[in-house]
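Visitor: Sharing a structure, written as structure tokens. Questions coming.
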Amino acid sequence: MGSEIRLTLLCDNYVQQPGLRAEHGLAILVEGPWGRVLLDTGQSRTAGHNADRLGIDLQSVGTVVLSHGHYDHTGGLREVLYRTGEVRVVAHPEAFAPKYVRLQETARERYIGVPFCREELESLGANFILSREAWALAEGLWVTGEVEREVAWEPADERLLVRENGLLSRDPLRDDLSLILVTSEGLILVLGCAHAGVVNIVQRAMELTACTRVRALIGGMHLVKAHAEFLEKTAGILEEWGVEQIVAAHCTGWMAGAFLRQRLGDRVRMGEVGQQWQFRV
């Protein structure tokens, strides 16, 4: 890739290109001077299928980063490991916690955590590195680590639960991680679901890199159930920061994506499988 960065959306909720598949999930391939890094793996074999159709050999992926421990981001990991062989897998220590969602229509809980045991994944070549801290995968490429919830109005999703000591309680989702790409023209943030809150994540990236210019936000923003006031505050801060490009994928939701586009204009577009973006380093 030389002095370029390329991002490819391998798995998302929506698709238009013939031959590619969509599902409720996310996988984004990040290519740059450091090689190939895959953020998330979707929920099934979709990311692998789409990579094949796009002519992308996942065997060359050097690192897989799991943004958090939900099935729609980790369920494709076994298929990815079949293709990569032995590979570094970066995640938070709580990514393997037993996670659930409370279904509103029945008030019952459904398991939504990683659908594989760690031992099976390790037998397929996953070399797990579990860390709560931010750290650099390579020069100009960071994992956020845990993100403090400093902005109080970015609400937690009360439906998301975790089982601890036999009891279900609200999941604080401390395992929510994002990628930070540092370029000469500003930051590119690659988001999984942004459970920590988009504003909190951007502030974390600025603190880590001492850079206040944001070129792009790409990925899931978990705005699908956000109310109008929350969306307005989020859009206002992104506009204040001068974020140049926003790709609203996965859990952002069409309604929230349309709101952001109406508010921020052509800098916002919805994510679809097969889309690629290139940036100068």
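Visitor: Just a yes or no: is a residue in the range 16-24 of a type outside the set (Gly, Ala, Ser), part of a strand (DSSP E or B), modelled with pLDDT of 95 or more and touching a Ser or Thr at 6+ places or on another chain (Cβ under 7 Å)?
Guide: The answer is no, given that none of the residues of the range 16-24 is of a type outside the set (Gly, Ala, Ser), part of a strand (DSSP E or B), modelled with pLDDT of 95 or more and touching a Ser or Thr at 6+ places or on another chain (Cβ under 7 Å).
Visitor: Check off (1) at pLDDT 95 or above; (2) not aromatic (Phe, Trp, Tyr); (3) not in a helix (DSSP H, G or I) for GLY2 and give me the number that stays unchecked.
Guide: For GLY2, the exception is condition (1).
Visitor: Right, here's the next one. How about the range 176-193: which of its residues are under 19 Å from GLY242 (Cβ atoms), in a loop (DSSP other than H, G, I, E, B) and in contact with an Asp or Glu (Cβ under 9 Å, 6 or more places away or on another chain)?
Guide: GLU185
Visitor: For VAL90, all conditions in the list (1) assigned to a strand (DSSP E or B); (2) without any contact (Cβ under 8 Å) to a residue 12 or more places away in the chain hold save one; what is the number of the exception?
Guide: (2)
Visitor: Still on this model: Working carefully through the options ARG149, ARG132, find the one that is under 18 Å from the mean Cα position of the chain (by Cα), more than 30 Å from ALA228 (Cβ to Cβ), part of a loop (DSSP other than H, G, I, E, B) and among the basic types (Lys, Arg).
Guide: Only one candidate passes the filter, namely ARG132.
Visitor: Looking only at residues in the range 93-124 that are over 16 Å from SER67 (Cα atoms), assigned to a loop (DSSP other than H, G, I, E, B) and not hydrophobic (A, V, I, L, M, F, W, C), which one is nearest to the chain's Cα centre (by Cα)?
Guide: Among those that are over 16 Å from SER67 (Cα atoms), assigned to a loop (DSSP other than H, G, I, E, B) and not hydrophobic (A, V, I, L, M, F, W, C), it is GLN104.
Visitor: Considering only residues of the range 199-246 that are closer than 15 Å to LEU26 by Cβ and without any contact (Cβ under 8 Å) to a residue 40 or more places away in the chain, which is farthest from the chain's Cα centre (by Cα)?
Guide: Selected residue: VAL224.
Visitor: Which one is surrounded by the fewest Cβ atoms within 10 Å (Cβ to Cβ) among residues in the range 25-73 that are out of contact with any Asp or Glu (no Cβ under 7 Å at 6 or more places or on another chain) and of a type in the set (D, E, K, R)?
Guide: Ranking the qualifying residues of the range 25-73, first place goes to ASP57.
Visitor: Now, a different point. Pairs, please: C-beta under 9 Å, at least 6 apart or cross-chain, first residue more than 8 Å from VAL247 (Cα to Cα) and without any contact (Cβ under 8 Å) to a residue 40 or more places away in the chain and in the range 266-281, second assigned to a loop (DSSP other than H, G, I, E, B) and of a type in the set (Ser, Thr, Tyr)?
Guide: Sorted first by the residue in the range 266-281, then by its partner, the list stays empty.
Visitor: Could you say whether any residue in the range 150-157 is surrounded by fewer than 20 Cβ atoms within 10 Å (Cβ to Cβ) and touching a strand residue (DSSP E or B) at 6+ places or on another chain (Cβ under 7 Å)? Walk me through how you get there before you give the answer.
Guide: Of the range 150-157, the ones surrounded by fewer than 20 Cβ atoms within 10 Å (Cβ to Cβ) are 150-153, 155-157.
Those still in the list that are touching a strand residue (DSSP E or B) at 6+ places or on another chain (Cβ under 7 Å) too: 156.
There is at least one residue in the range 150-157 that is surrounded by fewer than 20 Cβ atoms within 10 Å (Cβ to Cβ) and touching a strand residue (DSSP E or B) at 6+ places or on another chain (Cβ under 7 Å).
Visitor: Which of the residues belonging to the range 158-173 are closer than 22 Å to ALA27 by Cα and surrounded by fewer than 21 Cβ atoms within 10 Å (Cβ to Cβ)? Walk me through it before giving the result.
Guide: Within the range 158-173, the subset closer than 22 Å to ALA27 by Cα is 160, 173.
Answer for the range 158-173, where residues must be closer than 22 Å to ALA27 by Cα and surrounded by fewer than 21 Cβ atoms within 10 Å (Cβ to Cβ): just LEU160.
Visitor: Restricting to the range 61-83, name every residue that is without any contact (Cβ under 8 Å) to a residue 60 or more places away in the chain, in contact with a Gly (Cβ under 7 Å, 6 or more places away or on another chain) and of a type in the set (Ser, Thr, Tyr).
Guide: Result: TYR71, single match.
Visitor: Go through the residues of the range 94-103 one by one and say whether even a single one is without any contact (Cβ under 8 Å) to a residue 60 or more places away in the chain, crowded, with 19+ Cβ neighbours inside 10 Å and in contact with a Cys (Cβ under 9 Å, 6 or more places away or on another chain).
Guide: Taking every residue of the range 94-103 in turn, at least one turns out to be without any contact (Cβ under 8 Å) to a residue 60 or more places away in the chain, crowded, with 19+ Cβ neighbours inside 10 Å and in contact with a Cys (Cβ under 9 Å, 6 or more places away or on another chain).
Visitor: Since GLY55 meets every condition but one in (1) assigned to a loop (DSSP other than H, G, I, E, B); (2) touching a Leu at 6+ places or on another chain (Cβ under 7 Å); (3) of a type in the set (Gly, Ala, Ser); (4) over 18 Å from VAL89 (Cα atoms), which condition does it not meet?
Guide: Unmet for GLY55, out of (1) assigned to a loop (DSSP other than H, G, I, E, B); (2) touching a Leu at 6+ places or on another chain (Cβ under 7 Å); (3) of a type in the set (Gly, Ala, Ser); (4) over 18 Å from VAL89 (Cα atoms): (2).
The values are calculated or read from the model by the stated rules, or taken from the named source; none is laboratory data. This is a predicted model, so every value here is computed, not measured. Cβ coordinates were reconstructed from backbone atoms using ideal geometry, including for glycine residues, and neighbour counts include every protein chain displayed.
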